[in-house]
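Take a look at the structure set out below.
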Amino acid sequence: RKGRRVGFPRFKSRRASRPAFAYTTGSFGLVPGDPRALRLPRIGRVHCMEDVTARVDGRRVLRMTVSERSGRWYASLTAEEPPAKPAPTPPERGTVGVDLGIKTLATLSDGTVVPNPKPLGHAMRRLKKAQRRLGRMTKGSGRRERQRRRVARLHGRVADVRRDAMHKLTARLAASYSEIHIEDLNVQGMMANHRLAMAVADAGFHELRRQLGYKCRRTGARLVIVDRWYPSSKRCSNCGSVKAKLTLSERVYHCESCGLTIDRDVNAAVNLRDWNPPVAGSAPETLNARGGDVRRADAKRRATQAPAKREPSGGESRVRLGAAPGNRDM
């Protein structure tokens, strides 16, 4: 036969794998006249916690995957989507710089501060207590299985709080501004600092950038990724002078040249807003931490990056729509 070589079957573990099943044929999909319900073969009507009909919006459902996560069941619908339309031209709503951080999730160049919910940090005490109880119980017992579900629900709560904060912030930015400037953070390098690794992971910088990418395409806004080596925190937003050193403990920026005193995060956000791509062939503006040429480091980073994938033009595409079914109606 053609294709990959077939070996011995690998059976899934009931405890180690995520419970999930999918439908591609049969009587599955929406329930006519019932916007908050799904129909599953051999099961029947299942109530959902959201309006599934509005999410599908008249498109034909091709596949439905039902999976369990943190004690809750979710349904993911794959539906046909018409050919992609060109992004709308947004009205001129101005440009904003976004400085990401740990203490505050985001600081905008207009002075708006978005607090960081820190879901993992706030739930760490309960998680430690629940996981200690889980470790003391006998493996295979019913009490251990119930405690494992409690730990899973705590982790699910942490993920839900983080995801909710990300969606609210990114949706607000994409709808309120026509151009958004964010910095290209070296998250992997920041995670090397073990004193900040948990806080950096809890902030979810990569997820925020990913959500901004597709939401800006929906609204027609432009997302600009500022160069990683641009000294947004060390540069004065008034006169342009750059400090040689700026410690993390200095939360207020004082400029020795013009005497400007401004919040450190607001100063960085203003610099990100005013950033313009350097002209090709121009000299580097600053040096990196080791004193090397910025152009060399930037060229090395670009050489290791994978080429960008081209978007398909025309034709039918597929979109996944999530729904959370609840208990089955008896």
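Tabulated data
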item: Residues (closer than 20 Å to residue 185 by Cα and of a type in the set (Ser, Thr, Tyr)) located in the stretch 241-272; result: 247, 249
item: Residue list for the stretch 18-27, filter: more than 31 Å from the chain's Cα centre (by Cα) and surrounded by 11 or more Cβ atoms within 10 Å (Cβ to Cβ); result: 26
item: Boolean, residue 95 is under 24 Å from residue 159 (Cβ atoms) and modelled with pLDDT under 95; result: no
item: Extreme residue, farthest from the chain's Cα centre (by Cα), among residues of the stretch 73-91 that are surrounded by fewer than 15 Cβ atoms within 10 Å (Cβ to Cβ) and at pLDDT below 65; result: 88
item: Top-ranked residue in the stretch 187-230 [being among the charged types (D, E, K, R) and free of Cβ contacts under 8 Å to residues at least 40 places away in the same chain; ranked as nearest to residue 120 (Cα to Cα)]; result: 195
item: Single residue of the stretch 1-32 satisfying the filter (part of a loop (DSSP other than H, G, I, E, B) and hydroxyl-bearing (Ser, Thr, Tyr)) that is modelled with the highest pLDDT; result: 24
item: Failed item in (1) at pLDDT 90 or above; (2) of a type in the set (S, T, N, Q); (3) assigned to a helix (DSSP H, G or I), with residue 138 passing the rest; result: (3)
item: Cβ-Cβ under 9 Å pairs, at least 6 apart or on other chains, the stretch 138-158 side within 13 Å of residue 127 (Cβ to Cβ), far side in a helix (DSSP H, G or I) and of a type in the set (Gly, Ala, Ser); result: 147/130; 150/130; 151/130; 154/123; 154/130; 155/123; 157/123; 158/123
item: Residue identified as surrounded by fewer than 16 Cβ atoms within 10 Å (Cβ to Cβ), closer than 30 Å to residue 94 by Cα and not aromatic (Phe, Trp, Tyr) among 163, 149; result: 163
item: Number of the exception - residue 195 against (1) within 27 Å of residue 171 (Cα to Cα); (2) among the charged types (D, E, K, R); (3) assigned by TED's automatic domain parsing to the domain that holds residue 118; (4) out of contact with any Pro (no Cβ under 8 Å at 6 or more places or on another chain); result: (1)
item: Failed item in (1) in contact (Cβ under 8 Å) with a residue 60 or more places away in the chain; (2) under 24 Å from the mean Cα position of the chain (by Cα); (3) farther than 30 Å from residue 195 by Cα, with residue 105 passing the rest; result: (3)
item: Filter pass, residue 65 being surrounded by 12 or more Cβ atoms within 10 Å (Cβ to Cβ), within 25 Å of residue 82 (Cβ to Cβ), free of Cβ contacts under 8 Å to residues at least 40 places away in the same chain and of a type outside the set (Gly, Ala, Ser); result: no
item: Counted residues, the stretch 33-55 - those being in a loop (DSSP other than H, G, I, E, B) and at negative phi; result: 5
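The values are calculated or read from the model by the stated rules, or taken from the named source; none is laboratory data. Bear in mind that the values here come from a model prediction, so they are computed numbers and not experimental data. Please note: Cβ atoms are built from the backbone with ideal geometry, for glycine as well, and neighbour counts cover all protein chains shown.
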